[in-house]
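The values are calculated or read from the model by the stated rules, or taken from the named source; none is laboratory data. The structure presented is a predicted model; accordingly, all values stated were derived computationally and were not measured. Positions of Cβ are backbone-derived with ideal geometry, glycine not excepted, and every protein chain shown enters the neighbour counts. Ligands, DNA and RNA are stripped out before the accessible areas are found, and what is left, the full protein with its side chains, is counted by its heavy atoms. Shrake-Rupley method; radii C 1.70, N 1.55, O 1.52, S 1.80 Å.
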Amino acid sequence: MEVSRMPYRWPLDTDFALWELDVLDRACPACGRMMHICDHRYRRLLTLKGPVQLVCKLNHCPDRDCSSHATTKSPEQEAAIAPPNWAIGWDVFCWIGHRRCSRHMSIPHIQSELLDDYAIKLSDDAIAKYIRRYQVMLAARQQDPEALRRQYESVDEIVLSIDGLQPEKGHETLYVVRELTQKRVWFAEPLISATADEVRRLIAQAKAWARSLNKTVGLWISDKQDAFVTGIAAEFPDVPHRYCDNHFLRDLAKPVLEADSHAKVQMRRKVRGLRKIEQAVLKQQSAAAPKSLAEDDPEATLTVIAGPANAPSLKSDSASAVVLDYCAAVRGILNGDQGGPLQPPGLQMAAALKEVGESIQRNLDAKKGGSQKSNSAGWPAASTGDWSMSKPSKRRSENTSRTSRR
Ligand SMILES: [Zn+2]
């Protein structure tokens, strides 16, 4: 039998869902600079949805002289998924607490239901430990006022969140008020069907706590259900109330990514004909190149362009190389698929294509009135089917402007 203090032992074949968490507020608390991701913390936990591996992106201030440089910040919503160092998420915790405290089920009964319904295997003393924590949380007795005051001594502003956790539909909801800068649960209360007044009472209680600590509440975070919005507005009229990033993203991610994917299709439909441009350039090149090289083999003709010994004429070679570079850059952009709801890949694609367009325009402007003939007017607009990948020429002309991709 495992001891509750021992770390949870995961079976080797556990299939974890990956949940990536970002820091919401990335402004350095000391100097206000945008913080950088400096590390990742991995943690595994049991949820009613299955085993989860959290990837927490840790941020710190990049300025070495900043007093906050050595401090890392964890994603705020980590605490909304599970308290620090727990092997179970809030949902499992509420599920256990509800079974014990409202339905008065025995520990072995809870243990077997957890295993049967959710394939979650917890030892009886682990379950007993979580039940004790649940009772303590509800009684809000864990807060020794002196210890709490010491913990908040160096904190200027606090960030509060309220969340309603309902592990099962139709059953009671556990309302939890947390303080996010110190990752502390302040108190919790199970309510079967919470009225706006009951929710407001919890928010008023948080206000009393903040007042007794003599701390300013800088921000409230919630999923903005009506009762939270009205309750917080009534008790904290001047404090901003923001969406919990977690809920907000979950609600937004799907339509955002769908729209983004549609936009990508549209852009790919519009920007076509790369292969034809490349073939035209390569043909032009091979016409000037020694006959010994196979003309129809694009790899061979690319070698001609890249190989200095075979350079037909410097001017046309560098111009062709630039065209091929543009093609390679545009192909890279069209094939790019990195990003998520916060950095939609289609938006990145649009920005990159715009940069390329501006860069081409700068070339055209520079050449206006010059003797050099512009090839671009004759670029075919026809679409091609599939494109094969070809490596861009490494050789670039020094006096020709280039695409300015970072
Ligand atoms: Zn800083």
Q.
I'd like the carbon and sulfur percentage of the solvent accessible area for region 29-169, probe radius 1.4 Å, heavy atoms only, ligands and nucleic acids excluded.
A. 48 percent
**Q.** Cross-link pairs K183/K264; K73/K207; K49/K224; K183/K207; K129/K169 - those with Cα-Cα distance over 28 Å
**A.** K183/K264
Q: Determine which residues of region 195-215 fall in the zone a paramagnetic label at D156 would reach in this model, i.e. backbone nitrogen under 17 Å from the point 7 Å along Cα→Cβ.
A: 214-215
Q | Computed lengthening from A119 to K224, 0.36 nm per intervening residue step minus Cα-Cα distance | A | 34.6 nm
Q. Near K57, which aspartates and glutamates are there with a Cα under 16 Å away, not counting those fewer than 8 places off in the same chain?
A. E20, D22, D25, D39, E76, E78, D245
Q: Determine the gain in length on full extension of the stretch A196-Y42; use 0.36 nm per residue of separation and subtract their C-alpha separation, reporting nm with one decimal.
A: 51.7 nm
**Q.** Accessible area in the full protein assembly, largest first, 1.4 Å probe, for T47, T72
**A.** T72, T47
**Q.** Residue order for L219, L334 - accessible surface, 1.4 angstrom probe, largest first
**A.** L219, L334
Q: Report, ordered by chain and residue number, the aspartates and glutamates lying within cross-link reach of K121, taken as a straight Cα distance under 17 Å and ignoring same-chain residues fewer than 8 apart.
A: E2, D13, D15, D91, E113
Q | Heavy-atom accessible area order for K224, K354, largest first, 1.4 Å probe | A | K354, K224
**Q.** Label-reachable residues, region 346-366, where backbone N falls under 18 Å from a point 7 Å from A263's Cα toward its Cβ
**A.** 346-358
Q. What ranking do 49-57, 233-241, 183-191, 159-167 get when scored by the average of other Cβ atoms within 10 Å per residue, highest first?
A. 159-167, 183-191, 49-57, 233-241
Q: Enter the accessible area of I277 (Å², nearest 10), with the probe set to 1.4 Å and all protein chains included.
A: 10 Å²
Q. To the nearest 0.05, what FRET efficiency results for A139 and D337 with a Förster distance of 56 Å applied to their C-beta separation?
A. 0.65
Q) Between region 351-366 and region 19-66, what's the alpha-carbon centroid distance in Å? A) 37 Å
Q | Whole-Hz ³J(HN,Hα) from phi, Karplus 6.51 cos²θ - 1.76 cosθ + 1.60, for region 87-98, glycine and proline x | A | 8, 10, x, 4, 4, 5, 4, 5, 4, 5, x, 5
